[in-house]
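Report on one structure; see the data block that follows.
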Amino acid sequence: MKFTVSEIAQMLDGTIVGDEKVAIDSAAKIEEGRPGCISFLANSKYEPYIYTTQSSAVIVNKDFTPKKDISATLIYVENAYTAFTILLEEYQKRLANVKRGVEQPSFLGEGGQIGEDVYRGAFSYIGKNCEIGNRVKIYPQTYIGDNVTIGDDSTIHPGVRIYDNTVIGQNCTIFANTVIGSDGFGFAPQKDGSYKTIPQLGNVVLEDNVSVGANAAIDCATMGSTIIRKGAKIDNLVQIAHNVEVGINTVIAAQSGVSGSSQIGEQCVIAGQVGISGHLTVANNTKIGAQSGLGKSIKKEGLSLSGSPARDLTEHLRAMAQMRRLPEIETRLKELESKQQASVIDERD
């Protein structure tokens, strides 16, 4: 698939310096470019590469001023990194639109409503009374249970399992082998030491523009809904328990886990391997560092936390600095103890 520089500039609302008719067929890092590629320059430390790159075109910030001659055609935009992301999204969208139709064998249950230009891959299963929107892509070996709704332009990658009654909004992406709507971890302890399973009767709701990475699991609610609000991004290997709510545009990195009934606010950033206990509230714009453990609610917005148990980032870094000095402190303490003991002995003599 090819674009001209002129088409790309129009797409990005950019200004061209150079040959606007150059054909572009792929993207590359600026240091690895070749003829026919387009690259971008957003970080000044990569500027030396723009004078040697073999890429045919480079997207740059509008305030960029070359210090030497550049062979590549330049496209000036407001923000080069954002513009390059938009370009990649458009390219991916056009590639995805190539996939249409129904591959066999595949199964569609009774009462299903399928929109226009839908792709259903081989060995995919769609249960009864499902509503599949326009331009949805359902890749091979996907299981979709009964009464599931999937909005327009969403993509379900291979091996995904979507349980009954799940609601998925528009323009969502669920990557391979993720499970949406499996039972929450609900067991009631009994007098004899055994556990009685608590039926999980709710569902999962993913609002528009949600992305869920590979091998993640989002459990259905005991009652009501587990909700991932619009624009949230869930990384690979993340566990979201029953009745959790993840706020608008919150991001959760790999191997993190959120226990049942916790409420995560909007615009939060949760780094990798973070553990969040159940029934907590996390305020909007909270940032939690990698491998942190959160055991109490965060009510004040905009805090940065780290450590286990999680605490204010500045306090945590100060404590870590002191921990590095523990061997030195121990040595000094032993010296003081020795002097104290020697002083006591001298007084006795």
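Taken together, the values in this text are just the output of simple stated rules run on the coordinates, not laboratory data. Predicted model only: the values in this text are computed from it and were never measured. Positions of Cβ are generated from backbone atoms using ideal geometry, with glycine treated the same way; all protein chains shown enter the neighbour counts.
Odds and ends about this structure:
- Across the options Ile50, Ile248, Phe187, the greatest Cα extent toward the positive end of the charge dipole of the chain (unit charges at beta carbon of Lys, Arg, Asp, Glu) belongs to Phe187.
- Kyte-Doolittle at least -0.5, axis length at least 18 Å by Cα - qualifying DSSP helices, the chain: 80-96
- Cα centroid separation - region 5-59 against region 274-335, whole Å: 43
- When peptides 101-110, 262-271, 15-24, 276-285 are sorted by average Cβ neighbour count within 10 Å, with the highest value leading, the order is 262-271, 276-285, 15-24, 101-110.
- Debye log10 I(q)/I(0) at q = 0.12, 0.19, 0.21 Å⁻¹ for region 199-289, Cα point scatterers: -0.28, -0.75, -0.93
- For region 3-96, DSSP calls about 30 percent of its internal beta bridges antiparallel.
- 5 angstrom amide H check on Lys29, placed H, neighbours 5+ away: none
- The sum of -39500 (n - 2.57) across all DSSP H runs of n ≥ 4, divided by the residue count of the chain, sets its helix-only mean residue ellipticity at 222 nm to -6000 deg cm²/dmol.
- Linear extension gain, Asn43 paired with Thr314, 0.36 nm per residue minus alpha-carbon span: 94.8 nm
- Between region 231-252 and region 190-226, the alpha-carbon centres lie 13 Å apart.
- From phi via Karplus (6.51, -1.76, 1.60), per-residue ³J(HN,Hα) for region 21-35 in Hz, x at Gly/Pro: 9, 4, 8, 10, 10, 6, 10, 7, 4, 4, 7, 10, x, 9, x
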